[in-house]
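So the structure is just underneath, and the comments pick up after that.
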Amino acid sequence: MSKWMPIESAPKDGTEFLVFLPGERKKVQVAWQNNAGVRVIGGQFSFDVTAPTHWMPIPEPPEAAK
């Protein structure tokens, strides 16, 4: 399994990843990033996040889910 890495090293090409938000109720969410910043994905909407601290790649699904 991947380890959490500093948010500064997250990909900026639109690749989705997990983000850690220490000040939020939902501390781990799916996000993506470009040169404008990190965007958390929630349903059909994306919104700016001000304080993500770490990220990690989305893990592979369980064998049964593939």
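Derived scalar couplings between HN and Hα for region 31-38 equal 9, 8, 9, 9, 5, 7, x, 7 Hz in order, rounded to whole Hz, by the Karplus curve 6.51 cos²θ - 1.76 cosθ + 1.60 (θ = phi - 60°), x for Gly and Pro. Summing charges over neighbours of His54, with a neighbour being any other residue whose Cβ is under 12 Å away from its Cβ, gives +1 when K and R count +1 and D and E count -1.
Under 5 Å between amide hydrogens, built in the peptide plane, is the criterion, and for Val38 it picks out Val49 among residues at least 5 positions away or on other chains.
Every read-out reported here was derived from the displayed coordinates using simple, explicitly stated rules and does not represent laboratory data. What you see is a predicted model; the values in this text were computed from it and never measured. All Cβ positions, glycine included, derive from the backbone under ideal geometry; neighbour counts span all protein chains shown.
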